[in-house]
Amino acid sequence: CFAASLCGLLSEAQLLIIFLSAIAAFLIFNIRHPCRRQAAVFLGDAGSLFVGFILVWFAVDITQNATRDFYPISAVWVLGVPILDTVHVMLRRLIRGLSPFSPDRRHVHHTLIYIGLSEAQTAWCLLAISFAFGAIGFLGWFYAVPESILAIAFIGTFAAHCGFMQCWRVIFRFLG
């Protein structure tokens, strides 16, 4: 929303506000807190694919059609958590000779639950990380950090994510 409005794409910003309002309404019924111990609405595969499609559509639109160029790498940072998780899981499956689309429980949210976070803590943790990644992308663009530095930082973050996802058992055994 912010990037679209700062880039002069007001109609896109308005559509994103409507979309974010719908997502906020969904989250009200699904983020666990003391008054709500269980989710009331299930997004499902079709819903999550639609949300992903809309986010990627606007990311491409904002980076390609703005009067003030929004860095493509900034859009990658904004969508960083699902990008990191999806690419890591698919690469891991391909390396093991499996289909990149085969199901498993090696996504980051499964790992966070397995290490002891509740579903609510996992959701809040991923939300905080997503917010931090989005802030890096947005502020990197806003303060004109060179795209190459943002790209190298994202590649480094991806490497750290892959390392953590491969070694988290050892890390937590060592710490605990």
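Can you list the chymotrypsin sites (Phe, Trp or Tyr not before Pro) in the stretch 30-130 that are in a DSSP coil and have 12 or fewer other beta carbons within 10 angstrom? All intermediate terms of the calculation are to be shown ahead of the outcome.
Values: sites: Phe42, Phe50, Phe53, Trp57, Phe58, Phe70, Trp77, Phe101, Tyr114, Trp124; in loops: Phe42, Phe70, Phe101.
Within the stretch 30-130, the qualifying chymotrypsin sites (Phe, Trp or Tyr not before Pro) (loop, at most 12 other Cβ atoms within 10 Å) are Phe42, Phe101.
The alpha carbons of the chain stretch over 50, 41, 32 Å along the principal axes, in descending order. Think of it as helices only: each DSSP H run of n ≥ 4 in the chain is worth -39500 (n - 2.57), and spread over all residues that comes to -24500 deg cm²/dmol at 222 nm. Accessible surface computed residue by residue for the chain, with neighbouring protein chains in place and a 1.4 Å probe, gives 64 Å² per residue.
Annotation for the stretch 1-36 versus the stretch 43-93: alpha-carbon center distance of 15 Å.
If I compute solvent accessible area with a 1.4 Å probe over the protein chains, what percent of it on the chain is carbon and sulfur? All intermediate terms of the calculation are to be shown ahead of the outcome.
Working: 8100 of 11180 Å².
Using a 1.4 Å probe with all protein chains present, the chain comes out at 72 percent carbon and sulfur.
Hey, if we sort Ile23, Ile95 by accessible area with the 1.4 Å probe, largest down, what's the order? Before the final figure, lay out the partial values.
Details: Ile23 45, Ile95 145 Å².
Solvent-accessible surface, decreasing: Ile95, Ile23.
Between Gln38 and Ile129, the FRET efficiency estimated from the beta carbon spacing at R0 = 22 angstrom works out to 0.40. Computed from Cα atoms, the angle from the helix 147-175 axis to the main principal axis of the chain rounds to 20 degrees.
Hey, got a sec? Which chymotrypsin sites (Phe, Trp or Tyr not before Pro) in the stretch 139-176 land in a DSSP loop and have at most 14 other Cβ atoms within 10 Å?
Answer by residue number: Tyr143.
Heavy-atom accessible area for Asp69, with the other protein chains in place and a 1.4 Å probe, reaches approximately 110 Å². With axes computed from alpha carbons, what is the tilt in degrees of helix 44-65 against the longest principal axis of the chain, rounded to the nearest 10 within 0 to 90? Tilt of helix 44-65: around 40 degrees. Over the stretch 33-129, the Kirkwood radius and the radius of gyration, each from Cα atoms, give a ratio Rg/Rh of 1.02.
The values are calculated or read from the model by the stated rules, or taken from the named source; none is laboratory data. As the structure is a prediction and not an experimental result, all values here were calculated from the model. Quick reminder, even Gly has a Cβ in these numbers, built from the backbone with ideal geometry, and neighbours come from all protein chains shown. These area figures cover heavy atoms from the full protein model, side chains too; ligands, DNA and RNA do not enter into them. Shrake-Rupley method; radii C 1.70, N 1.55, O 1.52, S 1.80 Å.
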